[in-house]
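Have a look at the structure below, then the notes.
None of the figures in this text is laboratory data; all of them are computed from the coordinates on show. This one's a predicted model, so the numbers in the text were calculated from it and none came from an experiment. Glycine gets a Cβ as well: all are built from the backbone with ideal geometry, and neighbour counts include every protein chain shown.
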Amino acid sequence: MDKKNQKQSQRDALNMLLGLIDFKKKFPENVFRGKWGGVLFFESDAMFSTEFAEVVSGLLRYEGANAASLVNIDEAKSLGFENVSALFLDGEVTGDLYQSFLIGAGPAKGWLYNVDSYACASDVGGWCIYCEKSNDIGVIASREPITSLAGQQALRLLGARPIETLIAGGGSALFPFNRLVDSWREGLMQNYAVTRAD
């Protein structure tokens, strides 16, 4: 892809992301705008591992997208393209390169060290990821169930599961969703359970 098309895909990914997340909301509220066909939760650290570059690459292949935008919501003072703090990923970004992006200028500035809220989406908008590092929780929403081999592999790398499974215990070593305070458990179930009515 040439530089002009790459820049346009990045701009499209950021604009898509800005329309998919309600930046005024936090967990246990529903942070997504619009209707989504599937919602799975994961431990937020998965978004900051070297494997996350592979996760994004698989999700881009799954929907035939060109680029994804990752935004530090807490740093974003303005929602214009030029002012938002964003990283752009495509199928070529390696785990090591992704880690170097996150480390940035070190502990004072690097996203790897911050306990902020983050969101990620592609230029197509078939999926969107949101996480709150301070609460150790991440969520991926998809327009349609992710059934392709590349998409399923991405979900496995994330350790993504339905909220009902995680709250029930699910034999998982992830963040103890089964020990959430009542208000969080009820809020997450109300806003993200597969059986909820829209």
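Among the residues that make up the stretch 73-84, is at least one of them closer than 25 Å to S148 by Cβ and either of a type in the set (S, T, Y) or in contact with a strand residue (DSSP E or B) (Cβ under 7 Å, 6 or more places away or on another chain) (or both)? No.
Apart from one condition, V124 fits all of (1) in contact with a Lys or Arg (Cβ under 6 Å, 6 or more places away or on another chain); (2) over 21 Å from G159 (Cβ atoms); (3) β-branched (V, I, T); the exception is (1).
Taken over the stretch 19-70, the criterion of being among the aliphatic types (A, V, I, L, M) and over 18 Å from A150 (Cα atoms) is satisfied by L20, I21, V31, L70.
Rundown of residues vs (1) part of a helix (DSSP H, G or I); (2) surrounded by fewer than 18 Cβ atoms within 10 Å (Cβ to Cβ); (3) touching a Cys at 6+ places or on another chain (Cβ under 8 Å), yes/no style:
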site: G19; (1), (2), (3): yes, yes, no
site: K25; (1), (2), (3): no, yes, no
site: V39; (1), (2), (3): no, no, no
site: Y62; (1), (2), (3): yes, no, no
